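Please read the structure below before turning to the comments.
The values are calculated or read from the model by the stated rules, or taken from the named source; none is laboratory data. No experiment lies behind these values; they were computed from the predicted model shown. Ideal geometry is used to build each Cβ from the backbone, glycine not excepted, and the neighbour counts take in all protein chains shown. Remember, those area values only see protein heavy atoms, side chains included, never the ligands or the DNA or RNA. Shrake-Rupley method; radii C 1.70, N 1.55, O 1.52, S 1.80 Å.
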Amino acid sequence: MAGRASAPACAPDAARGRVDPGLVVPLLVALAFLALLAASVGVDPARGVTASTSPYTDEGWNVVNARNFVLFGHWSTDDWNMYLVNLPFSLLEAAWLAVTGVGIVQARLLVIVAGALGLAVLGGGLRRPLGIPGAALAAAALGGSALLLYYGRLAYLEPLVMLWLIVALVALVGERPSLGTGMVAGLALALAIATKASAGFAAGGMLVAVAVVEWRDAGVRRAVTGAVVALLLAALAWAVVFALPQPAALATDLRIWAPEPLPHTLAELLRRITAYPTRSDGAIPLALPLLVAGAAGLVVAILRRAALTPSQRRIAAACVGWFAVGMGVLLVVPYRPNRYLVPLLPPLAVLAGLGFARLVVWMDTRRRGPVAAAACVLAVALAAPGLALQVGWVASAPSTLPGVQARIMAIVPPGAAIQGDLAPILAMRARAVTIVSRPASQVNAGDLYATRGVRWVLTTGPAPAWAPLHRAAWNARTSVLCVSWGPGRTCLYRLP
């Protein structure tokens, strides 16, 4: 009617009083992921998923500094200062544990929430360039990945790294790139690197790829510049506040990390690369649905490259750079447990969603029903293998760790010192100093019985390095508790 202003066709659904389905669907995917993993939060890690013993040690090593801060008011009680190189993780865990209490269930819940947030940001943030079905497909495929389901419910760094990289991607590839969006992306990349330094390779690949492909766009130039500036400022702040005042602690952290010597010859390099398919710690079979879907999506994007929107070009470039550089590093280094692939899964899922979005346009499919149905079928096909494995893993593993932590908390008196690789995980709830000793790397080395007051030892059998110095005390030890955890039977000994 004349004289009445009608709502413009492009008005947001929220302005019309309706909920945007592009936000609802990824939110439902995230909530399903959260509910699935939270329901099994107390279950022990399933055996046989990785050749590494990290599922039985690394949760404690990752959380120990945050736990120390909550229980004792300072990050470190010994030479273990890993909070310097996983700062965002330790800060978040410390804040969370201060509210919820210290324990493995609480520590894992924070990581589960981080994984769910990553899925929500991925699906919701890319709903415009990929379309709702494509973005939802990407989120569901990622959420159903076997590797993310396994490590996403443990207190690991990788799910949090994944979240920061997803935030950076969404900020970097938006429809209106600017200095501000670039700085948001740069800050997210800085958080990823501060959580785990190896994320720097994926971050660099993402930025360089977008810059190379879209440098002629003035907005992209400003965004990349903003990202680099934010990264440099964050690195400077970390160096001034944390690294420079504690050079010895940082040097110790570098010795704790697994050594990754580069190949000395071209032949050795080729051997490492060609060996990865059969020596990936099972990463390729576990990630196979996403690897196939991501490759298929990339092929579609290449074939339809002339029809890609600017935002879709940036998405394709960022994902290829993210995955290619990150994967290139894994092909070169000698130590590559399958958990290292977790932060490289999102670009595969996004490429799958991008390929689906371009196929829908190419087929000129405008009917929402068939498109949504096809997206659902593909999402189920990609997620089903991982979900089936997750059900089997949870069904086959007991829930011993929360009970063991409670028992050791009741046994060990406050203020005591416990030594052992498993001390941070098994004695997490005890108000005791937990010490991991690495004499070969000069990490908590020396006579800990005399210098640290160690009177409790957790071991699978070997005596501590200082035992010959205090043979009478070691021979007089008393076995207080033995549990099945990790590589074998672990016993807690009390010394006079």
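Some points to look at:
- Size of electric dipole in segment 7-154: Cβ of Lys, Arg +1 and of Asp, Glu -1, about Cα centre, debye, nearest 20: 560 debye
- Protection proxy ranking, peptides 113-119, 326-332, average beta carbon neighbours within 10 Å, highest first: 113-119, 326-332
- For the chain, the alpha-carbon radius of gyration amounts to 1.06 times the rule-of-thumb value 2.2 N^0.38 Å expected for a compact globular protein.
- Residue order for Thr278, Thr252 - accessible surface, 1.4 angstrom probe, largest first: Thr278, Thr252
- Computed FRET value (nearest 0.05) for Glu260 with Asp20, which takes r as the C-beta separation and R₀ as 51 Å: 0.70
- For segment 387-466, trypsin sites (Lys or Arg not before Pro) are listed when DSSP marks them as loop and at most 15 other Cβ atoms sit within 10 Å of their Cβ; the list is Arg431.
- Note on the chain: dipole from Cβ charges, positive end direction compared against Ser198, Ala445, Ala218; the farthest Cα belongs to Ala218.
- Cα-based helix-to-principal-axis angle, 127-143 vs the chain, degrees rounded to 10: 30 degrees
- In percent, rounded to a whole number, the relative contact order of segment 365-496 is 16, using alpha-carbon pairs under 8 Å and six or more apart.
- Trp466, Trp61, reordered so the largest accessible area comes first (probe 1.4 Å): Trp61, Trp466
- With only Cα atoms counted, segment 53-135 has Rg and Dmax values of 16.2, 51 Å.
- Computed on the Cα atoms alone, the convex hull of segment 238-322 gives a volume of 198 cubic angstrom per residue.
- Per-peptide packing, taken as the mean over residues of other Cβ atoms within 10 Å, places 130-139, 296-305 in the sequence 130-139, 296-305 from highest down.
- Cα-based helix-to-principal-axis angle, 345-362 vs the chain, degrees rounded to 10: 10 degrees
- Antiparallel DSSP beta bridges within the chain, as percent of all bridges there, nearest 5: 70 percent
- Mean residue ellipticity at 222 nm, helices only, the chain: -19500 deg cm²/dmol; runs of at least 4 DSSP H residues each add -39,500 (n - 2.57), and the sum is divided by the number of residues.
- Segment 286-322 and segment 112-170 have Cα centres lying 16 Å from one another.
- C-alpha long axis of helix 179-195 to longest principal axis of the chain, angle in °: 30 degrees
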